[in-house]
1. Students often get this wrong: which residues of segment B:69-90 have the backbone nitrogen under 20 Å from the point 7 angstrom along Cα-to-C-beta of residue B:195?
2. For an R0 of 51 angstrom, estimate the FRET efficiency from the Cβ-Cβ distance between residue A:123 and residue A:257 and round to the nearest 0.05.
3. Over all residues in A:102-108, what is the mean tally of Cβ atoms on other chains that come within 10 Å of each residue's Cβ?
4. Simple spin-label model, 7 Å along Cα-to-Cβ: residue B:272 to residue B:122 in nm?
5. With +1 on each Lys and Arg Cβ and -1 on each Asp and Glu Cβ, how big is the dipole of the protein assembly as shown about its Cα centre, in debye rounded to the nearest 20?
6. Output the relative contact order of segment B:167-295, whole-number percent, from Cα pairs under 8 angstrom with separation of 6+ residues.
7. Between the alpha-carbon centers of segment B:218-295 and segment B:131-206, tell me the distance in whole angstrom.
8. Most fluctuating residue of B:129, B:261, B:56 in a GNM of chain B with Cα springs under 10 Å: which is it?
Amino acid sequence: MTEYIIQTKALEKKFKTVHAVRGVDLNVEKGDIYGFLGPNGAGKTTTIKMILDLVHPTSGEVFINGINTKEQGVLARKGIGYLPERAQFYRNLTAYQTMEFFAELKDADKAECDELLAKVGMDKWRDEKMGTFSKGMVQLVGVAQALIGNPHILILDEPTSGLDPRWARALKDIFLEMNGNGTTVFFSSHLLFEVQELCKHVAILNKGLVVIEDTMHRVSEGMTGRPKLVVRIAGDVNQATEVLRNGGFAELEIHGQVIDVFIHSEQKAQVLKLLALADIDVEDFRTEDGNLEDAFMEFIGEDSSPGGEMRG
Amino acid sequence: MRSWNSLVKIVPLEVRCVVNFNNIKTIAKKEFMDNLRNKWIIVLTLIFILLTLAMSFVQGGGGMSSADITVIGILAIASMLVPIIAIMLGYNTITGEAESGSLLVVLSNPIDRFEVLIGKFVGLGSVLSTSIVLGFGLAGIVIMAEDSSSAVGYGIFMVLTILLGLIYLSLSMCFSALLKRSVASLGAGIGLFFWGMIIGTILMGVYLATTPGSSLESMMTNMPDWIITVMVLISPADMYQTSAMLGFDMTSLGASGISFSIPGHITLARLMIVYAVWIIVPLVIGFYSLKKRDI
C-alpha cells in the first residue's frame, strides 16, 4: 500500500457566507512534489490552512504521517516547513532574529540560520530590520524560515508570487534540491506552467472541489486533447457544417461564423480542400495544438462543471 | 537562561509534559525584543519617566506629608499612562499577527495555542514591567534620597501598578483574540480605556443624582460602603487607587471639606484576589477564543 504523508478525507469548510471547500480528498505520497493547482478563490489557501490545523474544518479529517491533526496537532506539525501567501513578519526584528525565533520554535540548530539566509541571498541584510524590507525580500526570508530544521514536508502557498523571475527560478531549484534529499514538497499555484515544470503529482481545485488528482503526466495528456482547426466562414455556416459532417468530420463546435473542427494533425489540408470543393469561402483559419494552458483555463472556466468529464 | 530553567523545574513534571515551556520562553523572548523597540512604547515610557520625575521634585510643599503628595501625583499619572501602554501592547497581538500572516507561520510549528497566548502575555508583561520600573525607579531614587521611610510602601505601589498594567494587558489581549480585525480590537482597546477611566465617576454620578442629600460634601463624605465596594469591583482603575492607598496605610483621604474613607472590609489581601480574577479570567476567555479561531 502506498504511504501517504499528507491525506485529507472529505475535508469541508463553510464560512459564514462562503462554502470555501466542499469535500476535498488529497493523497500526497512521501517524497513527492505535489502541485495544488487552481484559480484564485478556489479554496487552495483554506485547504492548506486546514491541513496545518490553522483553520478548523467544518467536517472531514487530515492525517499527516498517519497522525490525525485534530487529535495530535502539535505532534503532527513536527518537521513541517510552511510559507503562507504574502506573509509579513515582525517589523522590529532583524532577518537573523526572525530566523533565530523560528529555529527555536522548531528546536533546530541555530547555526543553520546564517546558511539558509545565504541560500536565499539575504545574508547581506542579516542585521537589518524586517520592517525595512521589500515584499520580495520578506518572501525570501519566509522561504529561508520554512527550510529550517531540514523539514520532511514543505508546504508552500503560492511561493513564487511577488518574486522576480530570477528568484522564482532559484526557489524552484531549492525545492528540487530539498526534494532530492527526501523532503515532500506540497505547493499551491494558480500558474499551470509552474506546476507542470516541477510536479510529479497534481490536484486541480475549482470552486472548493478537487476536479482531478493524478500524475502530472496523465493530467497533461488528458487535458491536451486533440488538436483543432479553427475556420472562419464568409458565407452560410450551416452549409459549411453540413459539408464537413458529410466529409466525415463530426466533432464540430460552432461560434457564429467560426467553426472549430476537431481533427488529427494530418487532416488539416483535407478540411480546407473539402470546403474549397463545396465553394465555401474561408476567410481565415488557424490550427490549435491542444495547448495545455488553454485546456486548463477552459477546465476551470465558468462553463465547466466541477467534477465533470474531461474532454479528449 | 539558567534562571528560566530553574523556574520551570518548580512546575510538576505532568504539567511540563503537556505544556512546552521552551515554546513559551521563545514566544515571550520574541515579544520582548520586538516590542521593546516599539516607537510608541518608548515614547510613552519617556513621558511616564518625565512626569514621575517631575512629581518627585514637587514633594515638600503643602500641608500633607511630602510623600503623600508625590504618591497621589504618581497615582494619577500611572492610572492614566499604564492602561494606555498596556492596551498599546496588547490590542494587536492576535488580530495584527493574524492579518500579517506571521501568526500562521508561528502556529504551523509544533506549538500549542495556549503556549502562544501565555508566551505573549509573559513577553508583553515584561515589556510593560520594564516600562513601569523605569517610570517608578528614577522617581523612587529621588524620593528615597529625601526620605527612605516609605520605601516599602513605594515598592508595593510599584507592584500594584504592574498588576494594574497586567489587567489591561490581559483584557486587551482577550479582545484581540475575540475580534477578527485589528481595527476592531483597537476600538475595543480605546473603549476599555475610557470605560476604566469613567465608570467609577458614572456610578458616583448616578448615586448623587438619585439620592436626596443636603450638600455635595456631606453626600460624598457619607457615601455608603456598597457604592465604594461596587466601584472597586468593576473599575480596575478605582481598585488600583484604593489598593495603593491601602499600601501606604492610608484609609481615608480628606480635601476641601470632602473626606473619603475606605470601608473596613476592603483589605489589600482581598483586593489581590480581585486583581487575580481580572488578570486570569480575560486570559482564559482569550484562550478559548484563540483555540476556536480560524487564523
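The values are calculated or read from the model by the stated rules, or taken from the named source; none is laboratory data. These figures come from a predicted structure and were not determined experimentally. Note: ideal-geometry Cβ built from the backbone for every residue, glycine included; neighbour counts use all protein chains shown. Ligands, DNA and RNA are excluded from the accessible area calculation, which covers all protein heavy atoms including side chains. Shrake-Rupley method; radii C 1.70, N 1.55, O 1.52, S 1.80 Å.
1. Residues passing the 20 Å test: B:79-90.
2. Numbers: r = 61 Å, r/R0 = 1.19.
Efficiency computed from Cβ-Cβ geometry: 0.25.
3. 6
4. 2.2 nm
5. Details: 50 positive and 62 negative charges, 336 e Å.
In total the dipole reaches around 1620 debye.
6. With pairs under 8 Å counted, the relative contact order is 38 percent.
7. 12 Å
8. B:261
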